[in-house]
Amino acid sequence: MPRDPTLLGTVQDVQGATITVELNDETVTGLSFVSGEGYRIGQVGSFVRVPLGFVDLYGVVSQVGAGAAPEREHDGHAYGNRWLRVQLVGEGRRGGRFERGISQHPTIDDRVHIVTDADLRAIYGPGDPNDFVAVGHLASAESIPALVDINRLVTRHVAVVGATGAGKSTAVASLLASLSDGGRYPSARVVVLDVHGEYAKALADRSRVFRVSADETKGEHPLVIPFWALSFEELCGFSFGGLDGQKAAPVADLIMMLKREALSKYARPGVTEDTATVDSPVPFCLHKMWLDLHRREHLTVIPKPGGTADEREPAYVLGTDGKPVQVGEAMSVTQPLYRTVKTTGSAAERVQLGSEGIGIRQQLAGLASKLRDPRFAFLFSPGDWLPAIDGGTQKDLDALLIDWIGGPEPITILDLSGIPSSVLTDLIGALLRILYDALFWSRNLPEGGRERPLLVVLEEAHAYLGEKHSGPAAGAVRRIAKEGRKYGVGLMIVSQRPSEIDPTILSQCGTIFAMRLANDLDRGHVTSAASENLKGLFEMLPILRTGEAIIVGEAVSLPIRTVIELPARDRRPDSQDPSVVVRTGPEGFEHPGGWNQNRENPDYAAVVRQWRKQSPRYEHKASGLAAPLAAEKEEKQ
């Protein structure tokens with residue numbers, strides 16, 4: 001009887017989903033040929049097949065050699081330590097679809113075979129091509145595309161982890177490009193929270209970019225987040241740095257009064273004066289709130305001339321003309337100037353406190369500074385969403401949602417690189433909460449998440465999703481990770497330090513793209529978060545090549561080692577390492593810069609200009625900082 005070239009050996013030990021295979025004495029280690037195709041025998045991460053009647057069990061080789069032998073195996077073998085340890089991951093009926101999980105176990109001496117290209121095509125071939133998207137090809141078979149189930153990838157969350165330089169950002173850009181293919185998915189909806197401003201270039205042909213200090217000549221749009229769309233707790237954090245209960249109550253009462261006044265003049269669909277709460281996204285004038293609270297804290301009074309003994313008027317500082325120097329103006333954040341308290345002299349000369357404050361003078365001074373600070377204009381002066389004194393705005397939140405998740409482009413990039421670092425993590429939490437609340441309450445509408453799911457990409461997630469982080473960002477992500485699947489909101493968590501991400505969040509990711517990771521702690525967190533028992537497979541992470549990933553979880557039929565398809569060079573994220581030495585080609589140096597090129601006429605005036613602008617987007621000038629001064633001097637002469 002001719003020997004079956006696919007036969008590897010037989011099962012000799014079964015422990016749950018782990019089996020130990022003894023290689024057949026006739027199995028030649030190294031390279032074996034089946035139907036003209038070469039296959040490496042005994043490769044960690046390769047697949048095997050165990051036929052059981054009309055069902056085939058499939059597994060992944062996790063260990064090879066003496067360490068894979070059963071613990072009580074003492075007999076010597078003429079052919080050495082020829083053992084494989086295999087993790088069973090799924091099964092399939094002959095000619096039928098592959099399914100995760102196993103309904104039966106192999107027994108002793110069941111035969112184990114190589115998984116051929118034909119088997120792989122049956123396993124990875126999609127049931128419905130529209131449900132699957134190609135992200136690259138199998139590392140072991142370039143002709144077989146690596147397909148992921150887009151339904152399970154988006155709504156059941158995905159994590160992309162890898163060390164710096166592993167190709168993580170490029171992999172994310174390639175994946176997003178596949179998910180936003182206008183021909184296949186014309187209604188795709190993706191929001192990227194881009195902390196470092198890396199993705200605008202990579203996704204320029206299919207995205208809208210919103211950033212602080214936007215360059216509208218380049219198609220960018222101003223990023224604004226109306227303060228009145230925040231919850232009361234979020235607003236207090238941004239405005240005052242937080243307030244305790246005793247101080248927060250009167251502030252909440254004042255906000256409610258301002259919101260009701262605004263609703264009495266400008267009706268807002270879905271809310272009335274009676275149903276509004278302090279958290280309702282209803283416009284009100286924050287500048288007016290600041291002025292009212294400032295007066296409450298600082299007001300001093302004097303007896304009203306010609307009035308009764310109980311009548312008082314504000315004790316403004318008077319100018320030489322006898323008129324108040326400053327009575328205060330809300331929209332310009334101009335504070336009123338009051339005279340200091342004076343308890344001596346006649347009754348007409350005495351200056352008294354007008355009312356008992358709530359003890360937030362320092363917080364009000366901080367809020368006034370933020371209202372004047374142009375760095376916070378995106379929040380406190382949000383363009384067409386800035387309320388007037390009476391609470392009226394030019395646009396409502398529907399226009400903002402259309403900009404973010406309802407535009408013609410499938411991807412929206414919220415470039416947060418210009419956001420002050422002191423409020424960045426809180427702002428991410430507020431953004432996520434606004435998006436999630438909008439889709440949560442509209443879940444039964446065509447624009448809701450159930451009919452048109454939303455994928456939110458979180459770059460540098462370890463910076464604000466650590467186990468010890470308890471801010472709005474971590475809270476919002478935990479909520480979406482636990483509940484988002486039901487309402488059509490999915491997360492893509494991107495990080496170079498998975499060990500610093502809350503395990504509760506990471507474990508909710510149904511699919512993991514694990515790229516090169518050398519740190520033992522990081523690998524341990526990824527291994528514990530994966531749904532399969534594949535410790536041996538994850539031991540390969542330190543030796544993955546740049547651009548390679550091990551994909552495990554619900555979106556793939558079997559765990560696969562994949563070479564991610566690289567986008568074109570001009571469609572890659574702006575995250576490449578600077579070149580210390582620039583290579584030369586037929587036409588000279590490949591690009592500017594490097595230590596091996598001569599530098600002429602350095603212009604550090606331009607450096608100072610960009611520093612002062614707080615923007616990396618450079619506009620070429622005819623001359624440096626000295627030019628305006630020279631021109632001015634020439635005009636005077």
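General remarks:
- Taking the stretch 211-327 and dividing mean pair separation by its residue count, relative contact order in percent (alpha carbons under 8 Å, at least six apart): 17
- Computed over the chain: relative contact order in percent, which uses C-alpha pairs under 8 Å that are six or more apart: 18
- The stretch 288-388: projected area of the alpha-carbon convex hull, averaged over directions, in nm²: 8.4
- When the charge dipole of the stretch 148-196 is built from unit charges on Cβ atoms (+1 for Lys and Arg, -1 for Asp and Glu) and taken about the Cα centre, the candidate among His196, Ile150, Ala163 whose Cα reaches farthest toward its positive end is Ile150.
- Selection of GluC sites (Glu not before Pro), the stretch 508-589, meeting DSSP coil and at most 15 other Cβ within 10 Å: Glu539, Glu587
- When the C-alpha to C-alpha distance is required to be over 24 Å, the pairs from Lys218/Lys613; Lys304/Lys370; Lys259/Lys304; Lys201/Lys370; Lys259/Lys370; Lys247/Lys370 that qualify are Lys304/Lys370; Lys259/Lys304; Lys201/Lys370.
- Sites Asp603 and Asp181, calculated FRET efficiency, Cβ-Cβ separation with R0 25 Å, nearest 0.05: 0.05
- Its alpha carbons give the chain an Rg and a Dmax of 32.4, 123 Å.
- Annotation: per residue accessible area for the stretch 427-580 equals 41 Å², rounded to a whole number [probe 1.4 Å, protein chains only].
- The stretch 303-362: C-alpha gyration tensor shape, a/c 1.5 cut-off, then a/b vs b/c: oblate
- Highest to lowest packing among 154-165, 271-282, scored as the average C-beta count within 10 Å: 154-165, 271-282
- Note on the stretch 261-345: Cα-Cα pairs beyond 15 Å make up 70% of the total pair count.
- Ranked by the mean number of other Cβ atoms within 10 Å of their residues, highest first, the peptides 578-584, 239-245, 406-412, 505-511 fall in the order 505-511, 406-412, 239-245, 578-584.
- Among Val317, Ser239, Leu254 the positive-end extreme of the charge dipole of the stretch 227-322 (Cβ point charges): Val317
- Taking the protein heavy atoms of the chain in the context of the full set of protein chains, the accessible area attributed to carbon and sulfur is 50 percent at 1.4 Å.
The values are calculated or read from the model by the stated rules, or taken from the named source; none is laboratory data. Note that this is a predicted model, so its numbers are computed, not measured. All Cβ positions, glycine included, derive from the backbone under ideal geometry; neighbour counts span all protein chains shown. The accessibility values were calculated without ligands, DNA or RNA, using every heavy atom of the protein model including side chains. Shrake-Rupley method; radii C 1.70, N 1.55, O 1.52, S 1.80 Å.
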